[in-house]
Amino acid sequence: MKRAAGVHQVRVPIPSRSWRAGHVLLLSVLTALVGCRPKKNPAPPPPTVTVAHPLAREVVDWDEYTGRLQAVDSVDVRARVSGEITAVPFEEGGFVEPGDLLVQIDARPYQAELDSRIAEQARAQAQVELAAIELKRIENIPEDASTPNELETAQANMAEAKAQFAAAEAAVAAARLNVEWCTVTAPIGGRTSQKYETVGNLITGGGEQGTLLTTITSIDPIYCYIDADERSVLKYQRLAEEGKRVSARDAAIPCYLQLIDETGFPHTGYIDFVDNRMDPTTGTIRARGVFPNPDGFLTPGFFGRLRVSAQGTQNMLLVPDAAVATDQNRKLLLVVGPDNKVAPREVTLGPLFGKLRAIASGITVDDRVVTKGLMQARPGATVKPQEETLSVDAQTLTAPGGETTPMTSTNGEAAD
C-alpha cells in the first residue's frame, strides 16, 4: 500500500494485556476510595418547645402555718368526795349536756352526817332561844333587884348561843355539799372519754389528787393554735402601720383551715387571739383561729394548716409551676430571647394558685417563658418556640381554697 505524500505514519504501541488489567484495577480502587469518602450530614433542626408570656393578674397573697386543733373547754372530771361508786350511766365517747349525770357515789354515809349536823343545828337554835329568854327575864328585873354582873352574863350567853348556831348552820351546809357531790354531773357540754372507774370501785375525793373519772372536751366551736415567726409578725405590724392591713388585735381577721387529707381550705373561721409577747426560745408568737364545728367533725388534736391573708390583693406575674427549675437553692425559669436562644433567669417565688406559681421578681410580662419541653431547652441552645396562652380562673386567685403548697414554713424559711 502506498503512503500519501507528506503524511507520516505513527505507530501507536498497543498495551499489553497485563498492563490493561492493572490499569482497570487501579481505576476500581480509586473509584471505591472516592465512594467511601464520608458525606457531610446537614445540621438537625432546633428542638420545638412551648413558650408563654407570664400572666399579670391581681391576686390575694396568703400565708400558711401549721397548727393543732384544741377544744375551747376541756375538763378532767374528778370526785370531790370519797366513797363507793354505785352507778356510771354515761356513754363512753358520747355527747353530754351540762348537768347530765356521770357518776353516782354512795351518799348514805354523807346523808347520815347531814342528819347529825341538822340535829346539832336544832340544838343550837334551842340554846339561842333559851339564852334569849334568860336575857329578857334579867332585863325585866328592877335595877335594885339585879346586879350588873347578871345582865352581862346573860348577854354573853346570848352571843355564845348565836355563835354556836352559826357554826352548826355552816356544818349543815358543808354536810349538804358532801351529799350533793356524791352525784357527779357534767360541768360542760361536749364529748366524754372512757370510764376510768366503774361500779363498785372505791374512789378518793379531793382536788387534783382526787380520782379521775373521765374527761370532757367541748366540740363547737373549736380552736386552731399556730405559732407565727418573728419575720411574719413584723410584716403584719408594718402593713398595719401603713394602712394596708388590719391588725388581728383590732379586728377579726378571716382565716381558713385545711386538714391533712383535704384539698383546699374548706373550713372558714377568724383569728380571735394573738398572744402578748414573743417566745424568746422559739422566736414565735402564739395566735389562734376559731372555727364553727356543729357536727363535731373537727376533733381536738388534729393537725391542720391555717391560711390567712398576708396583704390583701396585689398584682403579680403567674407562670406554670411545672416551668420552675431548681439549681441547688436557686429557682430558675428558662426564657427564650428574640434570637430564639434559651437563657436561664433566677427568680423569686411567690405563692401557688392552683397550678400557677406567682413570681415576685426576675421576669417581666414580655418574656417568653418555656412551659413545655424543658429537657430540650438547654441554656444557650437555639429552639423553635411555639407560643401558647395561659389562662386561670379568677376564683383561684382570690379564694383560699384550691390545690396549694406552703409558701412559707412556720419558721419563715422559704419552702420548695
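Every read-out reported here was derived from the displayed coordinates using simple, explicitly stated rules and does not represent laboratory data. Predicted model only: the values in this text are computed from it and were never measured. When we count neighbours, we look across all protein chains shown, and the Cβ atoms used for this are built from the backbone with ideal geometry, even at glycine.
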#### Entry: Simple spin-label estimate for Ala167 and Lys341 in nanometres, 7 Å along Cα-Cβ
10.6
### Query
With a sphere of radius 10 Å drawn around the Cβ of Pro46, what net charge do the other residues whose Cβ falls strictly inside it have (Lys, Arg +1; Asp, Glu -1)?
+2
### Message
Please list, in order along region 252-267, the HN-Hα scalar couplings obtained from phi with the Karplus expression 6.51 cos²θ - 1.76 cosθ + 1.60 (θ = phi - 60°), rounded to whole Hz, x for Gly and Pro.
### Response
7, 8, x, 9, 9, 10, 10, 7, 5, 9, 9, 10, x, 10, x, 9
### Query
Residue by residue, what Karplus-based ³J(HN,Hα) values in Hz, rounded to whole numbers, does region 335-349 have, using 6.51, -1.76 and 1.60 with θ = phi - 60° and x for Gly and Pro?
10, 9, x, x, 8, 6, 9, 8, 9, x, 10, 7, 10, 10, 7
### Least to most buried among Asp61, Asp250 (fewest other Cβ within 10 Å first)
Asp250, Asp61
### Query
To one decimal place, what orientation-averaged projected area in nm² is obtained for the convex hull of the Cα set of region 107-180?
4.6
### For region 224-275 and region 328-373, distance of Cα centres in Å
30
### Query
Which whole-Hz couplings ³J(HN,Hα) result when phi for each residue of region 64-76 is put into the Karplus expression 6.51 cos²θ - 1.76 cosθ + 1.60, θ = phi - 60°, listed in order with x for Gly and Pro?
10, 9, 7, x, 10, 7, 9, 5, 5, 10, 9, 10, 8
### Summary
Residues whose modelled amide H sits under 5 Å from the amide H of Leu349, counting only those 5 or more places away in sequence or on another chain, are Ala360
### Task
Name the long-range amide H neighbours of Cys255: under 5 Å, sequence gap of 5 or more, or other chain; modelled H, no Pro or chain starts.
Gly269, Tyr270, Ile271
#### Entry: Size of charge dipole - region 107-180 - debye, nearest 20, with Cβ of Lys, Arg +1 and Asp, Glu -1, no other charges
420
### Query
Between Ala43 and Met278, what FRET efficiency comes out of the Förster formula 1/(1 + (r/R0)^6) with R0 = 56 Å and r the beta carbon distance, rounded to 0.05?
0.35
### Estimated FRET transfer efficiency (Thr183, Thr66; beta-carbon r; R0 45 Å; 0.05)
0.55
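Val199 to Arg231: FRET efficiency via 1/(1 + (r/R0)^6), r the Cβ-Cβ distance, R0 60 Å, to the nearest 0.05?
The calculated FRET efficiency here is 0.60.
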### Sequence-distant residues sharing a close amide H with Leu212 (under 5 Å, placed H)
none
### Message
Under a crude label model (7 Å from the Cα following the beta-carbon direction), how far is Thr364 from Tyr270 in nanometres?
### Response
4.4
### Task
Report the net charge of residues surrounding Gly362, where surrounding means a beta-carbon distance below 12 angstrom and charges are Lys +1, Arg +1, Asp -1, Glu -1.
+2
### Task
Within region 356-386, which residues have the backbone N less than 14 Å from the label spot 7 Å out from Gln328 along Cα→beta-carbon, could you tell me?
none
### Query
What order do you get for Met375, Met316 when you list them from fewest to most C-beta neighbours inside 10 Å?
Met375, Met316
### Residues listed by number, region 260-280, amide nitrogen under 13 Å from Ala252 label point at 7 Å toward C-beta
268-273
